[in-house]
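Colleague: Quick one: the structure is below, and I'll ask about it shortly.
Since every read-out is calculated from the coordinates, none of them should be taken as a lab result. Please read all numbers here as calculations on a predicted model, not as lab measurements. Here Cβ is always computed from backbone atoms with ideal geometry, including for glycine, and neighbour counts include all displayed protein chains.
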């Protein structure tokens, strides 16, 4: 009766069942996987946010395939503040970046075609591609002590087939926090030109970079060497995932860009999923961006300093280099069965972390924590985690 796309088990895993049972019993869990800003004790300007959503204009239905001009102008203004020239016509609004991926896979790929995405990265890619009947092929990121995570360009190139339609780049990647550099972008553009491919850049964490490296590609907006789609949205930019406003920016060779946008107009017009209140609120909400991001950046920095200080006492624990985002990766230089460790940590210490396999690392020995976590919870949770790692 049901679609063959749906091949996943709906049964929860051991860790999820244990977490559910502990919470049902009222046990206090120190959750070091928290990635929802609205659950992380930040201060939101409630008055301004709610007032922005009460615009009288939202009572009128004004369908537009690319989204309301006022909202697109506000997003273009956001890019202007970052030093990027963006025209409202280059933007297509969606309700989420996940929806943006779905639209782009519809635009670029036939059933059975392939897209390439990084490994390790979001586990969500498995679902987003399969639900569009597209095959997901991974290309590896390699860690170098001096440079951090870099794309294995040779392996990526070897993974391209006659069915490949797009290369997905998460910039900065999650959970590795790595940006691509200009040499990598040049290589990606060259591959796209050679094989007639599109680039899809996921830049939802791009506002949360750390440090300043000359070779870093802060954004692919305006990349003209290949057909390029950049995804972002309010979920991370404003710490407001519930507001459901995201966008696709389109750039590239003129003829390809124009045809892509015409087809995207058709897809967007079929769904028209973005609500009027959030579109009318976009300009006022984006004006609150700096205050919110300053809180988040301060939280990330505080937790990262604490993590480095505490982990530095254990010679077999390395905190891997992070260029952006809000995850930290611990590489454990001794035998570690990730699932057993994370289950034991939850069962005995009431601390929840991500095992590396959740993000599809190539081998075991990695643990991932969220730097977004409330500092009091983070510090106690990290102390318990490191104590268990140090135990014989």
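Colleague: Given Cα pairs under 8 Å that are at least 6 residues apart, what percent is the relative contact order of the range 184-242?
Modeller: Computed value for the range 184-242: 41 percent relative contact order.
Colleague: Compute a Gaussian network model of the chain, connecting alpha carbons closer than 10 Å, and tell me which residue from 144, 11, 249 fluctuates the most.
Modeller: Largest GNM mean-square fluctuation: 11.
Colleague: Also, I was wondering about something else. Taking every DSSP beta bridge that has both residues in the range 46-287, what percent is antiparallel when rounded to the nearest 5?
Modeller: Antiparallel bridges make up about 45 percent of those DSSP assigns within the range 46-287.
Colleague: Once you've got the GNM for the chain with C-alpha springs shorter than 10 Å, pick whichever of 100, 324, 312 has the biggest mean-square fluctuation.
Modeller: Highest fluctuation of the listed residues: 312.
Colleague: In percent, how large is the relative contact order of the chain, given Cα pairs closer than 8 Å and 6 or more residues apart?
Modeller: So the answer I get is 24 percent.
Colleague: How far, in degrees from 0 to 90, does helix 254-271 lean away from the longest principal axis of the Cα atoms of the chain, to the nearest 10?
Modeller: So the helix axis and the longest Cα principal axis differ by about 80 degrees.
Colleague: Let me ask something additional. With a 10 Å radius around each residue's Cβ, average the other Cβ atoms per peptide and rank 294-301, 112-119, highest first.
Modeller: So the peptides 294-301, 112-119, ranked by packing, come out 112-119, 294-301.
Colleague: Hey, another quick one. Using alpha carbons only, how many angstrom separate the centre of the range 86-112 from the centre of the range 213-258?
Modeller: The distance from the Cα centre of the range 86-112 to that of the range 213-258 comes to 11 Å.
Colleague: Kindly express, to the nearest 10 degrees and within the range 0 to 90, the angle between helix 276-286's C-alpha long axis and the longest C-alpha principal axis of the chain.
Modeller: Result, in degrees: 70.
Colleague: Between residue 256 and residue 6, how many nm apart are label points set 7 Å from Cα along the C-beta direction?
Modeller: Here the modelled spin labels are 3.7 nm apart.
Colleague: Rounded to the nearest Å, what's the spacing between the alpha carbon centres of the range 289-311 and the range 322-363? Just the number, please.
Modeller: A separation of 20 Å, based on Cα centres.
Colleague: Sorted by packing (mean other beta-carbon atoms within 10 Å per residue), highest first, where do 196-205, 263-272, 345-354 land?
Modeller: Highest-to-lowest ranking by the protection proxy: 196-205, 345-354, 263-272.
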